[in-house]
Amino acid sequence: MRRSLALLLIIALVLSGCGQTVEVEDQAYALVLGLDARGDGGVELTIRIPRIGHSGDSDSDGKSSGRPYLVLAAAGESYAQALEQLQWSAARELNLSHIALIVASEALASSAAFPRLIDSVAETRHLYTTAAFVVCSGRARDFIEGQETILGAHLSSEIAAMFRHYADHGYIPRASFAELYYATHSCYSDPTAIWGFPDAGELATEDQPAAAVITDDDARLNADTLTASSRQYRGAALFLDGRMVGRLNGSETLCLRLLTGRVTGFGYAAAGEGLNLSTLRSPVRRVRLDGDRVRLQAEIALISEDPADPAVLRAAEQSIKRDAEALIRWCQQLRADPFAFADRAAARFATYESWLQWNWRERYAQADVEVSVSIARGGS
C-alpha cells in the first residue's frame, strides 16, 4: 500500500512539474512587434498586447468604446538594451511566444544595421519566429498604433486570416520572419517580405502631404480602392544580403509567386476580359550553361477555369510572359534572386567552394532570360 502511494506521489510530481508556475495575469503577451531605427544609431521596439479580461468601456448606446489592446515602446543603443527597456515598461513578464506579426520600417530594413538585427531578433528567447514579416513605409510604431481589427474579434486571428486571403490571391508573398532569417544566410535564394502601408488620407497634413510619405503605387491603390482598414498590404519588399534593396508591386509579386509555384489560383484581366486562372502544374525553372553564358529559363502552365475566348487567352499569355521577363531582368539589375535560380545552378557543382568560386551573382546579372507561358482553355 505504501509503495502504491509513493508511486502515485512521484507520478503526480512529474506531471505537475517542479518549476514555478506563472499566472496569465503576470505576463504581457505581445501579438505584434515593431522595429524602428533611431537617429543616433539605436533601435526602438514597439509591441501591441491585449488587456487580459478587458471587454471595453461602453457608451450611452451600450457599444464598446474601450481599446482592448495596449501599445508599448522602448528604445536603446542596441536591440538587447531596447528589449530590456521594453521588459521594464511592460511591468509584467514579457512573453513573445504569441507574436503573430513582426513589422520593420523601410528605413531600418534598408540600413546596414539590419542584417545584424535579424540575427539578434532570431536569437530572442521564446520569440515566435514563424510570425508574418512586414516592411512598412514610415515608422513601424505609427503603423502598429493604427492597426485595428475589422472582421474578427481578435487581432491575432484577424492577422492570420487577412494574410491567408492576400497570399491566396497572389497580392503578397507568404513571408515569415523565419524564412527571412534562413534565406538571408543562404547563398541559394534571396528572401522577400510583405509590403505594408497606411491609408493615404491618414498621413496627409498641412506640412507633409500624403504624396510625400507614400509611393506612387500606394497612392494609386488608395485612390482606386475603398477598404475597411487603414493598414493595407500589397506587394513585397526584396532583400539582398540581409538588407531591403527594392520593392515589388502587386502584379510583380503575382509574377514572382507564379515563377516560384507559390500561388495556385488567381484573377487576371486581359484584353478587357476577366479570367479565373489556376496553375496546371508546378512551374519549371532551369539554368542553361553555354560556355560562359548563362540562360535563365522558366515555364508557366495555367488553365482557365471558364471557357474563355482563345484570343483573350493568347493575350493573357503574352502579358504574363512580358511581365515575368521584365521582373527577372529588374531583379538581375539588383543582383537579387528571389526565384531560387541559384539553387538550380548550384546542383551542377561538386563542392560548395567551387560553387562560390564560380561567382553566381555576376553571372546571374548578365544571364539571358526566357519565359514561356501557356494557358489551356477549361470549362465546358
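Odds and ends about this structure:
- Basic side chains Lys and Arg get +1 at the Cβ, acidic Asp and Glu get -1 at the Cβ, and with that the dipole of the range 260-380 about its Cα centre reaches some 320 debye.
- For the range 260-380, the antiparallel share of DSSP beta bridges with both residues in that region comes to about 65%.
- Residue (of F266, L334, L313) at the positive-pole extreme of the range 260-380, dipole from beta-carbon charges: L334
- Packing order of peptides 35-47, 85-97, highest average first: 35-47, 85-97 (average count of other Cβ atoms within 10 Å over each peptide's residues).
Any read-out appearing in this document is the output of simple, stated calculations on the displayed coordinates, not a laboratory observation. Being a predicted model, the structure only gives us computed values, none of them experimental. For neighbour counting, all protein chains shown are included, and Cβ atoms are generated from backbone atoms with ideal geometry for every residue, glycine included.
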